[in-house]
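Here's the structure, in structure tokens; my notes come after.
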Amino acid sequence: MSQRIEFDFSTGRELPTSERYVLVNCLGEGGFGLVYAAENIRLQSSVAIKFARDPIYDTRIVAEARAMAGLRSTHSVRIFDLDFFQNSRPFLVMELLEGRSLEKYLNDVGTVAPRVALEWLVQLCSSLNEIHGRGFVHCDIKPSNLHLADQVHRGDHIKLIDFGAVRKFCGGKDASTSIHNLGSPAYLSPERILTSNAQITDDIWSLGVLLVQLLTGDLPFQGKDRSSLYSSILRDPPRIQCALRSGPHRQLLTIAARCLQKRVEDRFSCVDDLGVELSKVSQFETSENEESHPQSGMRAVADCSAPIRRVVEFNFTRGCLCDLREG
Ligand SMILES: Nc1ncnc2c1ncn2[C@@H]1O[C@H](COP(=O)(O)OP(=O)(O)OP(=O)(O)O)[C@@H](O)[C@H]1O
Ligand SMILES: [Mg+2]
């Protein structure tokens, strides 16, 4: 069994102690939480433990644990318990995920193939479908809050973590009573910038940002500081820089552009609707070499030439992605 540590020399941090768990090593540090690999002393099994870096955030750990309780999707991290250290501060106990965060993965690879992006999006939709069905909005979808299993080619491997910004909504109205963080600026929807209410369509927006990032390696809205980023999110069309190569790539970016519509009613209203469009891409990709696809009515672009870097943008009047040089 691992040696109990009460001081983390790697971070210089004094650690809280528990009668039931031994903290082993630091896995990650977020804006408000610390996550450690730990050992359940009685079961002699490995778990992950999250606690707040400052006691003022302790209520958020409790709220996070309660939001995670009962989630069954294999694409949401599983919680085991909410417990208290000997100093009475709360911590949540969850499954220890092998692998690495999507953020680290993207830092290494830059972009992923449309097939992979599609698979991950479908998996995330299944996780979010359950979360939304239970009246919550995740509110913080971004690469560092997504975890990848080691063998990324084997499928069934992305998990949504970090429910620290989760908001409860009720009949379309935000029913949260506690103060939560806003989420990560680059992934915020326009209405989350302007109002405190959380809606399902906020998560759909963030999925659109993520999809653009997965396929192009760039964020669709950027700014040199937070206020210019916010003004870009509020005013500018999403900027999508990519190599236009194949039908699925283009079709996925068109779906991302719909997630990123400024008017909420122009977005997908729920992840089910988004899933329907994603399933069309899936069918389209399997028949990529056919000249046209009967269900989508789109023409496949043969992927036989060297990719050309072009700047494309979603044209709201035409309802499609356009090469900026087309005017
Ligand atoms: N169950 C887990 N198993 C393994 N690693 C994990 C687990 N949960 C979290 N991590 C790692 O710890 C990091 C921080 O966790 P988390 O995102 O929950 O903290 P946070 O403080 O809420 O972050 P944020 O900055 O997004 O608010 C993650 O990016 C991930 O790398
Ligand atoms: Mg996080």
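The values are calculated or read from the model by the stated rules, or taken from the named source; none is laboratory data. Since the structure is predicted, the reported quantities are computational estimates derived from the model, not experimental observations. Because the Cβ atoms are built from the backbone with ideal geometry, glycine has one as well, and the counts that use them run over all protein chains shown.
Select from region 86-106 the residues that are aromatic (F, W, Y) and modelled with pLDDT under 95 and list them in ascending order.
Narrowing region 86-106 to residues aromatic (F, W, Y): 91, 105.
Matches in region 86-106: Y105 only.
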Whichever residue in region 129-186 is modelled with pLDDT under 70 and within 16 Å of ligand 2 (Cβ to nearest atom) and, among such residues, is farthest from A113 (Cα to Cα): H180
Quick one: is V109 more than 16 Å from ligand 2 (Cβ to nearest atom), hydrophobic (A, V, I, L, M, F, W, C) and modelled with pLDDT of 95 or more? no
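Take the conditions surrounded by 14 or more Cβ atoms within 10 Å (Cβ to Cβ), away from ligand 1 (no atom under 16 Å from the Cβ) and under 24 Å from H147 (Cβ atoms) and apply them to S18. Does it pass?
Values: surrounded by 14 or more Cβ atoms within 10 Å (Cβ to Cβ): yes; away from ligand 1 (no atom under 16 Å from the Cβ): yes; under 24 Å from H147 (Cβ atoms): yes.
In short, yes.
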Of all the helices (runs of 4 or more DSSP H) wholly in region 32-150, which have at least 1 residues that are near ligand 1 (Cβ under 10 Å from one of its atoms) and surrounded by 15 or more Cβ atoms within 10 Å (Cβ to Cβ)? 58-68, 102-109
Filter region 133-144 for residues that are closer than 22 Å to D272 by Cβ and in contact with a strand residue (DSSP E or B) (Cβ under 8 Å, 6 or more places away or on another chain) and give the result. G135, F136, V137, H138, C139, I141
Here the qualifying pairs (Cβ atoms under 6 Å; residues six or more apart or on different chains; first in region 22-43 and within 19 Å of E103 (Cβ to Cβ) and assigned by TED's automatic domain parsing to the domain that holds P143; second within 14 Å of ligand 2 (Cβ to nearest atom) and assigned to a strand (DSSP E or B)) come out as none
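Can you tell me which residues in region 12-31 are assigned to a strand (DSSP E or B) and away from ligand 2 (no atom under 11 Å from the Cβ)? Working first, answer last.
Initial filter on region 12-31 (assigned to a strand (DSSP E or B)): 13-14, 21-29.
R13, E14, Y21, V22, L23, V24, N25, C26, L27, listed by residue number.
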